[in-house]
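Participant: Got a structure here, written out as structure tokens. Questions coming.
Each value in this text was obtained by applying a stated rule to the coordinates, not by laboratory testing. In this text the structure is predicted, and so the values were computed from the model without any measurement. Positions of Cβ are backbone-derived with ideal geometry, glycine not excepted, and every protein chain shown enters the neighbour counts.
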């Protein structure tokens with residue numbers, strides 16, 4: 001009798017276990033569904049707070065934006081977009097330490113993120129931390145960028161270059177400028193912008209390349225022509241300077257600065273005794289004219305100088321010039337190139353000394369100073 005009842009008992013237990021399992025599955029599914037609905041609700045609430053924060057930022061109410069973004073991130077803590085918005089609001093509200101901590105925490109899991117590194121760079125720049133700013137700018141720029149982000153990347157590189165120039169990091173600025181140069185859009189305005197930064201970085205040679213590109217693209221751009229002429233002048237390329245300055249004056253005849261610079265450029269080329277491809281007689285003629293001009297200026301300075309030391313130095317230079325000039329006056333024996341170079345060197349020394357005692361030179365004397373610098377390996 002007992003043997004007959006045992007299978008029935010087992011069947012009842014199996015049915016009970018099955019029922020309990022189904023009930024557990026139902027509870028699990030119900031709980032999962034409720035959790036999903038709760039997450040959806042949290043996401044919706046976070047989205048509403050995020051939108052409210054964006055609106056507050058746009059209206060300039062940083063305090064309300066901060067409150068909204070904090071609530072958005074508290075509902076969904078791992079949403080990077082919301083956390084970056086919170087970081088922006090913290091920076092705008094001068095909560096720099098908290099912003100820094102938040103961004104560094106985000107960077108731990110995503111060190112190559114351009115948005116995070118860019119914010120850290122700007123925050124470090126704001127705090128005066130130059131090396132940290134450089135590190136984060138470089139991390140941002142040399143991460144992976146999508147092709148569609150090329151313009152955004154270029155703007156960030158320009159921002160970085162301007163930061164470097166403002167903090168006397170010229171060598172690094174030039175390195176970044178060379179990268180920028182290879183990716184400059186093919187417009188006159190873009191090449192002019194790059195050229196101006198090269199000038200600020202004390203690299204006129206590369207600046208001239210950029211101005212030349214701008215002129216090629218827009219031959220009537222008076223700014224590009226003027227700047228190209230002035231930059232060529234600074235590099236000592238007077239023939240190219242003359243070409244650009246003439247073109248600039250053809251477009252804008254009223255440009256006083258370009259007009260004077262063109263006069264000075266022509267004077268340098270017409271008065272240089274060491275200019276290539278001129279005859280020995282022409283070298284002699286130019287050298288003697290330069291001596292006469294310089295001695296006239298020196299005599300004028302002497303007549304106005306009461307200081308004993310200055311007078312003695314000027315008289316000594318005059319005696320040296322008279323002795324050298326006498327050797328150069330024979331039409332039968334024009335000076336050779338070494339003698340001409342010595343004469344140009346003395347003229348340069350005289351002009352420099354007179355400028356030190358008696359002030360700014362006239363145009364022809366300024367041209368002689370530039371000629372001396374040119375052959376002495378100095379910049380104009």
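Participant: Measure nothing but the geometry: give the 0 to 90° angle between the long axis through the Cα atoms of 80-92 and the longest principal axis through the Cα atoms of the chain, rounded to 10°.
Facilitator: Roughly 50 degrees, rounded to the nearest 10.
Participant: Just from its helices, what would the mean residue ellipticity at 222 nm be for the chain, if runs of 4 or more DSSP H residues each count -39500 (n - 2.57) and the sum is divided by every residue, rounded to the nearest 500 deg cm²/dmol?
Facilitator: -27000 deg cm²/dmol
Participant: Using a Förster distance of 51 angstrom, determine the FRET efficiency expected from the C-beta separation of residue 220 and residue 326, and round it to 0.05.
Facilitator: FRET efficiency, residue 220 to residue 326: 0.45.
Participant: Which of 305, 184, 118 moves most in a GNM of the chain, Cα contacts under 10 Å?
Facilitator: 305
Participant: On to the next question. Express the Stokes-Einstein translational diffusion coefficient of the range 280-375 in µm² s⁻¹, to the nearest whole number, given a Kirkwood radius over alpha-carbon pairs, 25 °C and a viscosity of 0.890 mPa s.
Facilitator: It comes out at roughly 182 µm²/s.
Participant: Using 0.36 nm times the number of residues separating residue 285 and residue 309, minus their current alpha carbon distance, what extension gain do you get?
Facilitator: 5.4 nm
Participant: Considering every Cα-Cα pair within the range 176-281, what fraction, in whole percent, is farther apart than 23 Å?
Facilitator: 30 percent
Participant: Mind checking the full-extension length gain between residue 337 and residue 318? Use 0.36 nm per residue of separation minus the Cα-Cα distance, one decimal, nm.
Facilitator: 4.6 nm
Participant: Viscosity 0.890 mPa s, temperature 25 °C: what is the translational diffusion coefficient of the range 312-356 from Stokes-Einstein with a Kirkwood Rh over Cα pairs, rounded to a whole number of µm²/s?
Facilitator: Numbers: Rh = 11.2 Å.
Estimated diffusion coefficient is 220 µm²/s.
Participant: Still on this structure: By count of other Cβ within 10 Å, fewest leading, how are 183, 70 ordered?
Facilitator: Listing 183, 70 from fewest to most nearby Cβ atoms yields 183, 70.
Participant: Right, another one. In nm, what is the difference between 0.36 nm times the number of residues separating residue 234 and residue 149 and their Cα-Cα distance?
Facilitator: Full extension of this stretch gives 27.0 nm more.
Participant: With springs only between Cα atoms under 10 Å apart, run a GNM on the chain and tell me which of 160, 328, 198 wobbles the most.
Facilitator: Of 160, 328, 198, the most mobile in the Gaussian network model is 328.
Participant: Roughly how tilted is helix 2-59, in degrees to the nearest 10 and between 0 and 90, from the longest Cα axis of the chain?
Facilitator: Once rounded, one gets 30 degrees.
Participant: Could I get the Rg over Rh figure for the range 47-212? Both from C-alpha atoms, Rh via Kirkwood, rounded to two places.
Facilitator: Working: Rg = 18.2 Å, Rh = 17.3 Å.
Result: Rg/Rh = 1.05.
Participant: On to the next question. To the nearest Å, what is the center-to-center distance of the range 170-203 and the range 90-163, using C-alpha atoms only?
Facilitator: Each part's Cα centre sits 21 Å from the other's.
Participant: In addition: Could you tell me which label, among (i) 81, 52, 51; (ii) 75, 55, 35; (iii) 153, 43, 43, carries the value of Cα extents along the principal axes in Å calculated for this structure?
Facilitator: (iii)
Participant: What is the order of 122, 260, fewest Cβ neighbours within 10 Å to most?
Facilitator: 260, 122
Participant: If you rank 163, 211, 142, 50 by fewest surrounding Cβ atoms within 10 Å, what's the result?
Facilitator: Going from least to most buried by this count: 142, 163, 50, 211.
Participant: Springs between alpha-carbon pairs under 10 angstrom, Gaussian network model over the chain: which of 313, 352, 243 fluctuates most?
Facilitator: So, out of 313, 352, 243, the one fluctuating most is 313.
Participant: Taking R0 as 45 Å, what's the FRET efficiency between residue 92 and residue 363 from their Cβ-Cβ distance, rounded to 0.05?
Facilitator: 0.25
Participant: While we're looking at this one, here's another question. Kindly express, to the nearest 10 degrees and within the range 0 to 90, the angle between helix 188-200's C-alpha long axis and the longest C-alpha principal axis of the chain.
Facilitator: The two axes meet at around 70 degrees.
Participant: Further, regarding this structure: To the nearest 0.05, how large is the calculated FRET efficiency for residue 355 and residue 205 if R₀ is 30 Å and r is the Cβ-Cβ distance?
Facilitator: Details: r = 27 Å, r/R0 = 0.90.
With R0 = 30 Å, the Cβ-Cβ based efficiency is 0.65.
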